[in-house]
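The values are calculated or read from the model by the stated rules, or taken from the named source; none is laboratory data. Every value quoted in this text rests on a predicted model; they were computed, and no experiment measured them. Glycine gets a Cβ as well: all are built from the backbone with ideal geometry, and neighbour counts include every protein chain shown. Side chains are part of the model used for accessible areas, which takes the heavy atoms of the whole protein and leaves out ligands, DNA and RNA. Shrake-Rupley method; radii C 1.70, N 1.55, O 1.52, S 1.80 Å.
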Amino acid sequence: MADVIRWGIIGSGNIASQFARGLQSVPDAELLAIGSRAQASADEFGDEFNIPRRYPTYEQLAHDPDVDAIYISTPHPFHYANAMLCIEAGKAVLCEKPFALNAREATEMIAAARAKGTFLMEAMWTRFIPAFREVKARIDDGEIGDLQRIRAAFGFRTEYDPQHRLFSPKLGGGALLDVGIYPISLASYYFGQPSRIDSAVRFAPTGVDEYAALICTYDSGYIAELATATRTEMINDAEIGGTEGVIRILPPWFVPQNGYIVHKGDSEQHYQPEFVGNGYNYEAQEVARCLREGLLESPVITLDETLAIMQTLDNIREGWGLKYPSEG
């Protein structure tokens, strides 16, 4: 693998812009190409980020021989087709969350990457941010004793618009797949896959979820209390509780540039590890590390765990009776 990882981006929306800005903080990364659905949007994005190669189709980007890795930033229902295109072209793929629309798609994506021998990773950027990794190290070292519970929320208030992707069934809308995946992934990281999920949900007029509260229980006895919303403000913090203390990741916990607090008895200590860039740079660095070490997946978020998370999301939606049009 070359000293510099040459990146391409599929999609030219807001998340693509955030990732492009993140790459500016990675010294061994080059944003070489952008693929969009039209030449005009590719050129506009390319001008903003000084990208030399601008393609009006995703296929052209996927087959650029000089691109090492591709970040997929398109809406949820298109992740499967976009990822399969890039995998078939032999590219390393970093796919935005949710990894796919459902576990069936995720299974096929993973099987294709393994058969092709190409790198594939879910873009759960939170896991690679220094504060989050430091919290994990403290927990692994037993600082708060044996784990007992997790409480986490990710929600915000936006005005209802039936045409917006957040409320569109055709675009995989709803709070669960858009931001609910964050607390679910957090619980997965520490507790694994739940054996039981109890939930309450409120639907938007279009039929997708706009608020949900989840209680996940595990064979180990762990409990996770999770919440997500697109039309309700929340204090977006997270608590990880053990027998000897609690770690509270300060809001916004999913991009923890404000650090975390360790509570033990009557004492508390605030820690604020270094945070550079906008956070997306850390997942790009993980991809580069894996490629240079010859890994086909990240040990921090394995493909088996990504699939388990997708199965959990499927199970939740099945309990609600929520199915997207493309699922038949």
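Summary of values
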{"read-out": "Failed criterion for Thr126 (all others in (1) open to solvent by 60 Å² or more (accessible area, probe 1.4 Å); (2) under 17 Å from Asp237 (Cβ atoms) hold)", "value": "(1)"}
{"read-out": "Any hit, the range 37-48, residues being closer than 30 Å to Pro325 by Cα, of a type in the set (Asp, Glu), open to solvent by 40 Å² or more (accessible area, probe 1.4 Å) and over 16 Å from the mean Cα position of the chain (by Cα)", "value": "no"}
{"read-out": "Which listed residue is over 22 Å from Met124 (Cα atoms), touching a residue at least 12 places away in the same chain (Cβ under 8 Å) and of a type outside the set (Asp, Glu), from Val246, Val276, Val255", "value": "Val246"}
{"read-out": "Residue tally, condition surrounded by 21 or more Cβ atoms within 10 Å (Cβ to Cβ) and assigned to a strand (DSSP E or B), over the range 228-246", "value": "4"}
{"read-out": "Which listed residue, of Ala112, Ala175, Ala187, Ala131, is in contact (Cβ under 8 Å) with a residue 24 or more places away in the chain, farther than 25 Å from Pro256 by Cα and among the small types (Gly, Ala, Ser)", "value": "Ala112"}
{"read-out": "Within the range 50-77, tally of residues that are in contact (Cβ under 8 Å) with a residue 60 or more places away in the chain and aliphatic (A, V, I, L, M)", "value": "4"}
{"read-out": "In the range 137-161, residue nearest to the chain's Cα centre (by Cα) [restricted to those that are over 26 Å from Arg127 (Cβ atoms) and surrounded by fewer than 13 Cβ atoms within 10 Å (Cβ to Cβ)]", "value": "Arg157"}
{"read-out": "Among the candidates Pro256, Pro194, residue that is assigned to a loop (DSSP other than H, G, I, E, B), open to solvent by less than 40 Å² (accessible area, probe 1.4 Å) and farther than 30 Å from Asn281 by Cα", "value": "Pro194"}
{"read-out": "Filter pass, Glu210 being over 23 Å from Ser25 (Cα atoms), surrounded by fewer than 17 Cβ atoms within 10 Å (Cβ to Cβ) and either in contact with a strand residue (DSSP E or B) (Cβ under 9 Å, 6 or more places away or on another chain) or not polar (S, T, N, Q) (or both)", "value": "no"}
{"read-out": "Lone unmet requirement of (1) of a type outside the set (A, V, I, L, M); (2) touching an Asp or Glu at 6+ places or on another chain (Cβ under 9 Å); (3) over 17 Å from Ala137 (Cα atoms) for Gly207", "value": "(2)"}
{"read-out": "Search result, residues across the range 286-307 that are open to solvent by 20 Å² or more (accessible area, probe 1.4 Å) and under 19 Å from Leu226 (Cβ atoms)", "value": "Glu305"}
{"read-out": "Residue match in the range 287-307 (condition: modelled with pLDDT under 95 and assigned to a loop (DSSP other than H, G, I, E, B))", "value": "no"}
{"read-out": "Every residue from the range 58-91 that is surrounded by fewer than 16 Cβ atoms within 10 Å (Cβ to Cβ) and either β-branched (Val, Ile, Thr) or over 23 Å from Leu296 (Cβ atoms) (or both)", "value": "Glu59, Gln60"}
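Yes or no, residue by residue, for (1) at pLDDT 95 or above; (2) more than 17 Å from the chain's Cα centre (by Cα); (3) in a strand (DSSP E or B):
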{"residue": "Ala2", "(1), (2), (3)": "no, yes, no"}
{"residue": "Gln18", "(1), (2), (3)": "yes, no, no"}
{"residue": "Ser25", "(1), (2), (3)": "yes, yes, no"}
{"residue": "Gln60", "(1), (2), (3)": "yes, yes, no"}
{"residue": "Asp64", "(1), (2), (3)": "yes, yes, no"}
{"residue": "Ala81", "(1), (2), (3)": "yes, yes, no"}
{"residue": "Leu85", "(1), (2), (3)": "yes, yes, no"}
{"residue": "Ala100", "(1), (2), (3)": "yes, no, no"}
